[in-house]
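Novice: Would you mind keeping the following structure in view while I ask a few things?
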């Protein structure tokens, strides 16, 4: 996939007219093939119905196009949780690329609830991969220590993606090390794609709402050496007032609210989210 093809995908996600840009038949065909491949994955029978229903809020096709993800890349997703994006990325990258799931090493935590929690998550994700080898046969789990993260060999990954995780790293005092680790594992010119719950303004580290200020996320990435390349409003939600009693977890899909308020929060939908594309400078 050429840089021109990748750029065309990004321009489409940003709704920037591409008529003024030089396009070759080869680049156009490659872009169409990439879009078709992703569309087919989104319709895949292996995706759970509950996860597919979240597409209306998470806009995976538009989000991955904005980040410029193509099927031949090595992509590292940080903390994939239950594997919502794994169901999309692993099959999408299966034939020509590589999907890596960056998972916190349970052994990095002392005996107790935290270790058990991360071990359960790791076990569930590995079981998911093992149950469907046709889709996940090439997917790999790579472990990292949250307080001193190393995600792989330096300059070895094309794209690092993280969805709704930055608030946890801030609260745990791990954000600086995480962004540094992303920078080190990415190839020069590689992309860091961040989706995060967006606060109205900066929030203190001890804030427990799950929201983070957009300027704060940008500052974290830039402190690690990244350059902000573009923003997208593809995951924005103007209905989110961001003043909920249990923070972002009040909203779907967590729905941590009183039953009497179910209709109210269903009408709001998932949280308002920033979508930011950073690049590791070539020089």
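Novice: Given the criterion over 21 Å from residue 81 (Cβ atoms) and modelled with pLDDT of 95 or more, identify the matching residue among 140, 122, 180.
Specialist: Exactly one residue qualifies, and that residue is 180.
Novice: Another question about this same structure. For region 238-253, give me the residue count where each residue is outside any helix (DSSP H, G or I), under 14 Å from residue 208 (Cβ atoms) and out of contact with any strand residue (DSSP E or B) (no Cβ under 9 Å at 6 or more places or on another chain). Reasoning before the result, please.
Specialist: First pass over region 238-253, keeping only residues outside any helix (DSSP H, G or I): 238-246, 251-253.
Subset that is under 14 Å from residue 208 (Cβ atoms): 242-246.
Now restrict to residues that are out of contact with any strand residue (DSSP E or B) (no Cβ under 9 Å at 6 or more places or on another chain): 243-246.
Going through region 238-253 one residue at a time, the tally reaches 4.
Novice: Can you name every residue in region 113-155 that is touching a residue at least 60 places away in the same chain (Cβ under 8 Å) and touching a helix residue (DSSP H, G or I) at 6+ places or on another chain (Cβ under 6 Å)?
Specialist: Within region 113-155, 135, 151, 152 qualify.
Novice: Turning to a different aspect of this structure: Can you name the number of the only condition in (1) modelled with pLDDT under 95; (2) surrounded by fewer than 16 Cβ atoms within 10 Å (Cβ to Cβ); (3) touching a strand residue (DSSP E or B) at 6+ places or on another chain (Cβ under 9 Å); (4) not in a helix (DSSP H, G or I) that residue 111 fails?
Specialist: In the conditions (1) modelled with pLDDT under 95; (2) surrounded by fewer than 16 Cβ atoms within 10 Å (Cβ to Cβ); (3) touching a strand residue (DSSP E or B) at 6+ places or on another chain (Cβ under 9 Å); (4) not in a helix (DSSP H, G or I), residue 111 misses (3) alone.
Novice: Out of (1) farther than 15 Å from residue 277 by Cα; (2) more than 18 Å from the chain's Cα centre (by Cα); (3) touching a residue at least 12 places away in the same chain (Cβ under 8 Å), the odd one out for residue 170 is which?
Specialist: (2)
Novice: With the requirement that a residue be under 24 Å from residue 255 (Cα atoms) and buried (at least 17 other Cβ atoms within 10 Å of the Cβ), what does region 192-213 give you?
Specialist: Answer for region 192-213, where residues must be under 24 Å from residue 255 (Cα atoms) and buried (at least 17 other Cβ atoms within 10 Å of the Cβ): 194, 195, 196, 197, 198, 199, 203, 209, 210, 211, 212, 213.
Novice: Additional query: Being surrounded by fewer than 19 Cβ atoms within 10 Å (Cβ to Cβ), in contact (Cβ under 8 Å) with a residue 40 or more places away in the chain and more than 22 Å from residue 274 (Cα to Cα) is the requirement here; does residue 103 meet it?
Specialist: Judged against the criteria, residue 103 is not a match.
Novice: Here's something else I'd like to know. Cβ-Cβ under 8 Å, sequence separation 6+ or interchain: first residue in region 175-191 and buried (at least 20 other Cβ atoms within 10 Å of the Cβ), partner modelled with pLDDT under 95 and not in a helix (DSSP H, G or I). Which pairs?
Specialist: Within 8 Å, the pairs are 178/146.
Novice: Sticking with this one: In region 31-72, what residues are in a loop (DSSP other than H, G, I, E, B) and surrounded by fewer than 23 Cβ atoms within 10 Å (Cβ to Cβ)?
Specialist: 43, 44, 45, 46, 47, 48, 54, 59, 71, 72
The values are calculated or read from the model by the stated rules, or taken from the named source; none is laboratory data. Since we're looking at a predicted model, the values are computed, not measured. Using ideal geometry, Cβ is built from the backbone for each residue, glycine included, and neighbour counts are taken over all protein chains shown.
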